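Read through the structure below, which is laid out as structure tokens, and then see the notes.
What follows is calculated from the coordinates using simple rules that are stated; it is not laboratory data. Computed from a prediction, not measured in an experiment: that's the story for all the values here. As a convention, Cβ positions derive from the backbone with ideal geometry for all residues, glycine included, and neighbour counts pool all protein chains shown.
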Amino acid sequence: MDNRPAYYEFFAGGGMARAGLGEGWRCLFANDFDRKKAESYRDNWGGDELHIGDVREITTAQLPGRADLVWASFPCQDLSLAGAGAGLKGERSGTFWPFWDLMKALRQEGRAPAIIVLENVCGALTSHGGKDFVKICEALAKEQYRFGALVIDAALFVPQSRPRLFIIATREDIAVPSSLLRHCERSEAFQSREAASGLLRRIAPRNDGLFHTRALVAAHERLPKPLRANWLWWNLPAPPLRNRSLIDVIEDAPIDVAWHGVKETNALIAMMSDVNLAKIAEAKRAGRKMAGTLYRRTRYQNGVRIQRAEARFDEVAGCLRTPAGGSSRQFVLVIDKGKVRSRLMSARETARLMGLPDDYVLPENYNEAYHLTGDGVVVRVVRHVAAHLLEPLIDTTSLRSAA
């Protein structure tokens, strides 16, 4: 009998949530509609649990056994601050609703998962003035889940700036250990009264901007009181200090992209503002090999649209995005002995920035590989959440799925 906790993985992409959960978990079902991403999933994990197709067409009959956990990194495009603002009514982010119909059907069948994790961009907190976040919380509460959220920046784990929202919900019948919940600063007597009335978990933690950001606390305050009664302030410990910087993931001789010539590099530098030129000058003065990244962005100057090159040299890459166009691909800048070299970021570098090991099989096509990684969840973030929240929660329930 396999006693490992079991899970379903929706919107699975290349299986980065699976990589983060690790061998201590067993996948019962995985789904993605993108056949190219599914090929990568199959290359790395096999295809036994994988179903390729639209989530709208899945039925509970296709979901085997009973999952302890359901992980859903549903599409972010309509919730992103860079998107068109369609929110949960959008064609892509709106796939949350057919996914949620499956969760409701599982509860009706007596197979409601113990834990549900929803991962998305932080724009989900403010989309439609915060109404979309309220709708997600309402959906969870109606199916008898308590829930809380964390904003986790992947830069704590890998050299990439990538803040993401993680909504973690647990069935109401599951006792949540007090060690997994944050308590605000109150007198002992006041805390005792709150504990007796079950209110501790409803109060926003103080002085905690690491995972409970101002935007998250504001989103919580916008919730109607009945929903706030279902809220949990998750206690996630800070990870150890990251010991890998951007220079450690950069390849000297990538196989899929070429270093620019002097003319191409100078053309990028010519697109920089004085502020960004100063970053280049400071990196040259560092006296050591420095790596930075660059995005080309459209800005307005005196009412005219111009293209600017914006660089950073803080040992962290910018947030990876799917390559919808040339401007969304990230460039690498390396400064050594006063010379500046530039090129597109390689596919393997993007995988490293997502916490994937070098033996992870990437698509041969560059754009497909970049799309796969840029649309994923950072492996080490998943592992941290699993180790400090999901696995302790699973250990508290005797409702472990059958092997």
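If we count every other residue with Cβ under 9 angstrom of Phe29's Cβ, Lys/Arg +1 and Asp/Glu -1, where does the sum land?
My count for the surroundings of Phe29 gives -2.
At what distance in nm do the modelled label points of Phe33 and His128 sit from each other, each positioned 7 Å from its Cα along Cα→Cβ?
1.8 nm
For labels at Asp2 and Ile247 in the simple 7 Å Cα→Cβ model, what's the distance in nm?
Result: 4.4 nm between the two label points.
Neighbour counts of other C-beta atoms within 10 Å: give me Trp71, Trp233, Trp259, Trp45 arranged from fewest to most.
On the way: Trp71 29, Trp233 24, Trp259 15, Trp45 19.
So the residues, fewest neighbours to most, are Trp259, Trp45, Trp233, Trp71.
Could you please rank Glu172, Glu349, placing first whichever residue has the fewest other Cβ atoms within 10 Å of its Cβ?
Glu172, Glu349
Kindly work out what percent of the DSSP beta bridges joining two residues of the chain are antiparallel, to the nearest 5.
Antiparallel bridges make up about 70 percent of those DSSP assigns within the chain.
Compute the helix-to-body angle for 188-197: its Cα long axis versus the longest principal axis of the chain, expressed 0 to 90° and rounded to tens.
Helix 188-197 and the main axis of the chain meet at about 60 degrees.
Report, in degrees rounded to the nearest 10, the 0 to 90 angle that the Cα long axis of helix 35-45 makes with the longest principal axis of the chain.
Approximately 80 degrees, to the nearest 10.
Multiply the residue gap between Arg228 and Gln108 by 0.36 nm, knock off their C-alpha separation, and tell me the result in nm, one decimal place.
40.7 nm
What is the calculated FRET efficiency for Asp173 to Glu138, with r their C-beta to C-beta distance and R₀ = 22 Å, to the nearest 0.05?
It comes out at approximately 0.65.
Which whole-Hz ³J(HN,Hα) couplings does segment 375-386 yield from phi under the Karplus relation 6.51 cos²θ - 1.76 cosθ + 1.60, θ = phi - 60°, glycine and proline marked x?
So the J values, rounded to whole Hz, are 10, x, 10, 6, 4, 5, 5, 4, 4, 5, 5, 5.
Under the rule a/c < 1.5 gives rounded, and otherwise a/b versus b/c splits prolate from oblate, where does segment 258-345 land using the Cα gyration tensor?
Note, shape of segment 258-345 comes out prolate.
What distance in nm lies between label points placed 7 Å from Cα along the C-beta direction at Asp101 and Lys289?
5.4 nm
Using P(r) over Cα pairs in 10 Å bins from 0, in percent as the read-out, say which of (i) 4, 12, 12, 10, 13, 13, 8, 6, 6, 7, 5, 3, 1, 0; (ii) 5, 23, 35, 28, 9, 1, 0; (iii) 4, 21, 30, 24, 13, 6, 1 was calculated from these coordinates.
Working out P(r) over Cα pairs in 10 Å bins from 0, in percent from the coordinates points to (iii).
State the number of lysine pairs found in the chain whose Cα atoms come within less than 28 Å, restricting to pairs 8 or more positions apart or on distinct chains.
Final tally of qualifying lysine pairs is 28.
How much length is gained on full extension from Val304 to Lys339, taking 0.36 nm per residue of separation minus their Cα-Cα distance?
9.4 nm
Just want the ordering: Val361, Val378, from fewest to most Cβ atoms lying within 10 Å of their own Cβ.
Values: Val361 15, Val378 29.
If I rank by nearby Cβ atoms, fewest first, I get Val361, Val378.
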